[in-house]
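Visitor: Dropping the structure in here first, questions after.
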């Protein structure tokens, strides 16, 4: 039977991460996940209403594929992008507010905030957070990145991004650096349309790509649905073998788990099955689909092969890092210091 097959230890999971529709799994979702046996799951606000409910959902998701270590992902950046919100979870500031602090206070705040977020996630069984944003917003760019970024100076963005990664890892959660190799020049929102970047490779190498190169040892990265005309004028990075091989794996040197951004976004063309195949054939380790619509997920699962041996190694390496990185901390002391640092951002803003 499909459920028994999904629980067979020797079966290799499919190279896809999927969402679900609501606060608990339906019987149809449970049967589908058992048969599809995708690597992991992604959560959105529609799935997150209260701690006990969310812990139960996370347990249900893992049970449906028969793997206690199935990755469960979330976007918990702070600011506009936060799936967990008050009253049950703290509100965290956007990256730009942390970046408004002077050095070295900004790095301390970035690390502390990330550590607190990771503590929230670990208590729910969530093991992967799509943070930090390493994009460098340029003048005139679409505001989709905006205050989610730590600024436009590559070295400082890398420094603050590293502090975030260290904080997340110390909480026993894996960070995803995004949106590799850079979303900051996009003139349109890739949720709605396909951005095209005309900057030449030399400019991109010393600016947009630089923060990702500095953090190339991180365990996971998420692609940008953007055409970089100087490298591949025909396909967005998610579908581009030249961008993935020459830039992400080559120039940047990233050798961790490469997951696509959501393949249902408006930047991409074609059916969902075709999008899935193109992302994986281009070199993504995983395709990500976020809507939780069962009919869409069935199409995607049919197009998803098992994880490649190289992807399996990368996933296992990340999980080993997650388990080895967790450190105990004094949450009340961390919260007090983080609040003290955030209070300084108001002082900084007033003095300008």
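Visitor: How many residues, within region 92-120, are touching a strand residue (DSSP E or B) at 6+ places or on another chain (Cβ under 8 Å), surrounded by fewer than 23 Cβ atoms within 10 Å (Cβ to Cβ) and either farther than 16 Å from residue 332 by Cα or modelled with pLDDT under 95 (or both)?
Guide: The total comes to 2.
Visitor: Return the residues of region 190-234 that are touching a residue at least 60 places away in the same chain (Cβ under 8 Å) and over 20 Å from residue 253 (Cα atoms); say none if nothing qualifies.
Guide: Passing the criteria: 190, 191, 192, 193, 194, 195.
Visitor: Just to be sure before I move on: is residue 194 surrounded by 23 or more Cβ atoms within 10 Å (Cβ to Cβ) and assigned to a loop (DSSP other than H, G, I, E, B) in the structure I sent?
Guide: no
Visitor: Suppose we filter 244, 248, 231 for residues that are touching a helix residue (DSSP H, G or I) at 6+ places or on another chain (Cβ under 9 Å) and either within 18 Å of residue 149 (Cα to Cα) or not in a helix (DSSP H, G or I) (or both); which single one remains?
Guide: Answer to the selection: 231.
Visitor: Here's a follow-up. Does region 124-140 contain any residue that is surrounded by fewer than 19 Cβ atoms within 10 Å (Cβ to Cβ), under 22 Å from residue 332 (Cβ atoms) and touching a residue at least 60 places away in the same chain (Cβ under 8 Å)?
Guide: No, the conditions are met nowhere in region 124-140.
Visitor: Is there a residue being part of a strand (DSSP E or B), touching a residue at least 12 places away in the same chain (Cβ under 8 Å), surrounded by 13 or more Cβ atoms within 10 Å (Cβ to Cβ) and on the phi < 0 side of the Ramachandran plot anywhere in region 300-323?
Guide: Scanning region 300-323, I find at least one residue that is part of a strand (DSSP E or B), touching a residue at least 12 places away in the same chain (Cβ under 8 Å), surrounded by 13 or more Cβ atoms within 10 Å (Cβ to Cβ) and on the phi < 0 side of the Ramachandran plot, so the answer is yes.
Visitor: May I pose another question? Tell me, please, whether a residue that is over 18 Å from the mean Cα position of the chain (by Cα), surrounded by fewer than 24 Cβ atoms within 10 Å (Cβ to Cβ), at pLDDT 95 or above and at positive phi can be found in region 262-274.
Guide: Yes: region 262-274 contains one or more residues that are over 18 Å from the mean Cα position of the chain (by Cα), surrounded by fewer than 24 Cβ atoms within 10 Å (Cβ to Cβ), at pLDDT 95 or above and at positive phi.
Visitor: Also, quick follow-up: Is it the case that some residue within region 33-51 is over 23 Å from the mean Cα position of the chain (by Cα), surrounded by fewer than 15 Cβ atoms within 10 Å (Cβ to Cβ) and free of Cβ contacts under 8 Å to residues at least 40 places away in the same chain?
Guide: Checking region 33-51: not a single residue is over 23 Å from the mean Cα position of the chain (by Cα), surrounded by fewer than 15 Cβ atoms within 10 Å (Cβ to Cβ) and free of Cβ contacts under 8 Å to residues at least 40 places away in the same chain.
The values are calculated or read from the model by the stated rules, or taken from the named source; none is laboratory data. Everything numeric in this text was worked out from a predicted model, so none of it was measured. Virtual Cβ from ideal backbone geometry, glycine too; neighbours counted across all protein chains shown.
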